[in-house]
Amino acid sequence: MRQPEDWQQVLAVEPAFSELADAILQGRLVDYASLPPECFSWHAWDQLPQARLFPLILPFLRQQVGRASRAMPEIYAGSLQDFANAALQSYEDWLSIPLLVKDDLPEYTLHGFRSAASNAPSLLKPRDCPAGSMAFGSGGSAGSATPTYVTLADREREIQGWRRAHNYHGLTSGDTALYTYNTTHKGGQWMQESLLRHGLTVHLRRPEEDAVQVLENLRRSGANILFTVQQPYETMQQQVKSAGMNLHALVMASLENPGLRGILVPDRQGRRQIEFIFLGGFAIPPYGLELLEEYLGSASTATLLGSSEAIPQAASTNPRLTPGAVCHYNNLHLLQAPHYIEVLKPQGSRWVPVEKGETGLLVYSSWARDGTIWIRYAPGDSAKLLLNEGECPCGIRTPVITDVQRLDANQREGLLEFGCAAG
Amino acid sequence: MLIQGYLAGKMHARKTFTVKSIFYPEYSFQVSDATMLDVSSAIGAARSAERLIFAERLQRLDAAADAFHYSADVLEHTVKMSGLPIKVVRALLDEIPGWFRQVSQAWQEKVKDQPEYSGTPAEIAAPGADKLLQPVEGYCYAVGPANDPRASALTAANCAAAGVPLVFKAARHDAAAPLVFQCLIQAGFDPSALNLLYFDNHAADAPQKHHKLVAASSLTWTFGPVVDVDRALRYTTDPEHPGSRLDLFADRRVLRHANAACSAVISGELDGEMRRFLDASLGFASGCTATRSVLAVRSPDLPEQIAEYLASLKVGDPLQEETQVGYILPGNLDYLADLLQKHALSIKIHGGRRLSRQQMSPVLVTGENDLPDFFGAEIPAYFLAVGQCDSLEQAVRRINSSNPGEPRLAVSLYHQPAAQAAALAGQIRAKTVLLNQPTTYVAPYLHEGNDYREWLCESKLIIKDTNQPE
């Protein structure tokens, strides 16, 4: 694990990034596919002010807008035509691009693509997709969710992007992680691969293993990092399936079996093997924080926001590494590569960033993606802008959002029951 | 008032729920509501508890007896929740230290601390053979009854003496239990061995909590009717075979409640001594050791005298010191009223005037036959069924025949010829037979008819040298 005195290392701009940035700004690099995948692991993306970031990704946004218009016409239905022909030149132009939604938002005269995509899911795969791809349903394996297509190269970019969050969580090469996630879901798979890329030794939980076995495996493997989930208490009680493996189950098994103390729940001398707990799902629920405080000796924890459509979107930092910072638990720094994340509100015909303290729609644009191209896609989540860029004491420059919620409560339940949280 | 449990020695009330008195509607209080993780913590604590050696356990039990005390608040609370007269409640709570000492003494008399067995109690089973009593592995899960404030003391004292860690789920209004656990912990027992939980039986997750505790225990101790206990504790759904049930009692010891329906055989006139006997036999009307039926041997005037005695009892507000007849759960009085009506043509009824939802003047019933509804049942109210017999032998036969099910919890033989009583005691179908003592004086180390000194332990026989037992 990274030590607090080494935190500054994650704030440094990589020298190779500067060279890359020059190549982009000088027009020598205009195709996102030419970007080396490992560049998405560079912290520099999160150290750029918006004014410098946007010009860097603009060529690729322009590229993707053009592709989306041509290669996914049924989904974008001509909405991008005005921007596809070199009309996208500035941030102001970008703000005029309409939102894409899955379900109609009549209050904003936005028409969704669900109907079209449900009848023919392949419409979400660009016609010019250069390679084989895998479809991941959003909202988990609930079936009728619409797919996001990703190629191997897309996977590599997102996995590298996730590595930035691993650094913010303090994970280093040589650590050992065990995760209980459902690996039939994109999040579970990406988690596994990103940890491998990051140099960790990775252990997974087999579906048939119960909490006692997981704890024993933690001990045998010497894991110091745990990736697991925790649903809200009420949801956990109602859904037997999703409560199968989560932090609550692991804490319960630790409490009942004195021989398993010291792994996750501290032993009588206060010792604990696990140094960091990644708690995924949609957000760390209050019950998860309660477990950490009451039973786990306030173990370090953080999370990453991501979905089948886009990984990563935002992440909190390890509180042990960033004491005094705001970006803990559910306060998340935006991560702008390989997807551009915005929190928007309507302003006339445009969708513009919210002001600090305001809540808006969470929107992402996949500027480096072979598969399904999202251009200002609002999946139905909202977030509140907590801090403007540069305001967080931790030193990561990107804005901090909080209170991420799914606007449709039913969808939230579905994620917890069927999604990667259903470990 | 806040009633809190004990987890590994610490009082806890992370969440609470509200309980109201049926008898005093304006009275309510908060009770700590153990979560599933509290249940897990209790299990873990009990599994890791230190077990003291035999001599230390008895010493600390005696010390706990000296330390037990209760406040006026607890006394008043218990009256308001039980409906029992304040004098009766005070007497019950005052018995608790004595129960600790009785349990300690019973162990000392039965077994010896023999250093050669490293503090394990042993009794001489036969010449050349010692029987070691070793506490069962694991822990005991006990579910306390709602009708006896001494229940936690009974259970905790026996488990402490035996050296068996305990998780006790108390009735939600049991304010004496924390005091019992507190004095035992202060006396030096490992706090991890004495865990006290409260949770709402009506909550959706209550069955889960019970089942988890039962499944993780090696010994379950229950109070209450078998049907009710089985419904709440015994069966759980089988996760491997949906639609099927698992019998959690199948592989573990279960201490169960005997059939109460306590009875007494008495002779003579209703003098002062007999009045005191009846006071003690009947005063704790909602308790399972109260006498419910009496057979008068060669005492034809006794039924009328007892009826007059019952009519003379002061009926009133249980909080008043002079009250002798308190409140009873409305449902129990409804049941009694229905029973009396059902058998109206077969019995003669004395008293039984319904004064309110929760109060009825004491009832005495006489009849030609030993109606099982009256002579073989436990009716938790101020009620007595009285019959006539020509001899003690006949009384014993009638006691046995009117109760064909489980043996009665206790039978008292009062003012009977000593030699005859002793000779017939073994024929009575009862767990305890008391000679000249009321049925409410059942010993705390043998309350359910099971000798807890044996039940809470595994026996191991040590046969020494070449002296074989005969």
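Listing for the model above:
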{"quantity": "Under 18 Å from the B:LEU319 label point (7 Å along Cα→beta-carbon), backbone N, the stretch B:340-373", "calculated": "B:357-359"}
{"quantity": "Beta bridges per DSSP with both ends in the protein assembly as shown, % antiparallel, nearest 5", "calculated": "50"}
{"quantity": "Charge dipole (the stretch B:43-83, unit charges on Cβ, about Cα centre) - positive-most of B:ILE53, B:VAL74, B:ILE43", "calculated": "B:ILE43"}
{"quantity": "Amide H within-cut-off set for B:THR432, under 5 Å, with H built and near neighbours excluded", "calculated": "B:ALA410, B:VAL411"}
{"quantity": "Residue-by-residue Karplus 3J(HN,Hα) for the stretch B:115-125, coefficients 6.51, -1.76, 1.60, Hz, glycine and proline x", "calculated": "x, 5, 9, 6, x, 8, x, 9, 10, 7, 7"}
{"quantity": "For the protein assembly as shown, size of Cβ-based charge dipole, Lys and Arg +1, Asp and Glu -1, in debye", "calculated": "720"}
{"quantity": "Residues whose placed amide H lies under 5 Å from that of B:GLY287, excluding near-sequence neighbours", "calculated": "none"}
{"quantity": "Chain B: angle of helix B:302-312 to the longest principal axis, Cα-based, in degrees nearest 10", "calculated": "80"}
{"quantity": "A:GLU92/A:SER118 FRET efficiency (R0 30 Å; Cβ-Cβ; nearest 0.05)", "calculated": "0.30"}
{"quantity": "Cβ-placed point charges (K, R +1; D, E -1), dipole of the stretch A:7-137 about Cα centre in debye, nearest 20", "calculated": "340"}
{"quantity": "Rounded to 5, percent antiparallel among DSSP beta bridges of chain A", "calculated": "65"}
{"quantity": "Computed over chain B: relative contact order in percent, which uses C-alpha pairs under 8 Å that are six or more apart", "calculated": "18"}
{"quantity": "Protection proxy ranking, peptides A:199-205, B:184-190, average beta carbon neighbours within 10 Å, highest first", "calculated": "B:184-190, A:199-205"}
{"quantity": "DSSP bridge pairs, the stretch A:211-360: antiparallel proportion in percent, nearest 5", "calculated": "50"}
{"quantity": "Simple spin-label estimate for B:ARG231 and B:ASP390 in nanometres, 7 Å along Cα-Cβ", "calculated": "4.5"}
{"quantity": "Greater than 19 Å apart at Cα, pairs in B:LYS342/B:LYS431; B:LYS110/B:LYS131; A:LYS356/A:LYS384; B:LYS314/B:LYS348", "calculated": "B:LYS342/B:LYS431; B:LYS314/B:LYS348"}
{"quantity": "Computed [θ] at 222 nm, helices only, for chain A once each DSSP H run of length n ≥ 4 contributes -39500 (n - 2.57)", "calculated": "-9000 deg cm²/dmol"}
{"quantity": "Span-rule helices in chain A, defined as complete DSSP H runs reaching 18 Å or more along the axis (Cα) with Kyte mean at least -0.5", "calculated": "A:50-71"}
{"quantity": "Peptide ranges A:125-133, A:362-370 listed from the most packed, as the mean C-beta count within 10 angstrom indicates", "calculated": "A:362-370, A:125-133"}
{"quantity": "Over chain B: helical MRE at 222 nm, DSSP H runs n ≥ 4 each giving -39500 (n - 2.57), nearest 500", "calculated": "-10500 deg cm²/dmol"}
{"quantity": "Residues whose placed amide H lies under 5 Å from that of B:GLN437, excluding near-sequence neighbours", "calculated": "B:LEU413"}
{"quantity": "Cα extents of the stretch A:230-359 along the three principal axes, largest first (Å)", "calculated": "62, 36, 26"}
{"quantity": "Net charge contributed by nearby residues that have their C-beta within less than 11 Å of B:ARG51 (K/R +1, D/E -1)", "calculated": "-3"}
{"quantity": "Label-point separation in nm, A:ARG219 to B:ILE462, each point 7 Å along Cα→Cβ", "calculated": "3.3"}
{"quantity": "Peptide B:35-45, shielding by other chains (average Cβ, 10 Å cutoff)", "calculated": "6"}
{"quantity": "Percent RCO, i.e. relative contact order, over chain A, from Cα pairs under 8 Å lying at least 6 residues apart", "calculated": "19"}
{"quantity": "Label-point separation in nm, B:LYS10 to A:GLU234, each point 7 Å along Cα→Cβ", "calculated": "2.8"}
{"quantity": "√(5λ) per eigenvalue of the Cα gyration tensor, chain B, largest first, Å", "calculated": "37, 29, 21"}
{"quantity": "Angle between chain B longest axis and helix B:330-342 axis [Cα atoms, degrees, rounded to 10]", "calculated": "40"}
{"quantity": "³J(HN,Hα) computed for each position of the stretch B:180-185 - Karplus, 6.51 cos²θ - 1.76 cosθ + 1.60, integer Hz, glycine/proline x", "calculated": "4, 5, 4, 6, 5, 5"}
{"quantity": "Phi-based couplings in Hz for the stretch B:87-95 (Karplus 6.51, -1.76, 1.60; Gly and Pro marked x)", "calculated": "5, 5, 4, 4, 5, 5, 5, 5, 6"}
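Every number in this text was worked out from the coordinates using simple rules, so none of it is lab data. All values reported here derive from a predicted model rather than from experimental measurement. Quick reminder, even Gly has a Cβ in these numbers, built from the backbone with ideal geometry, and neighbours come from all protein chains shown.
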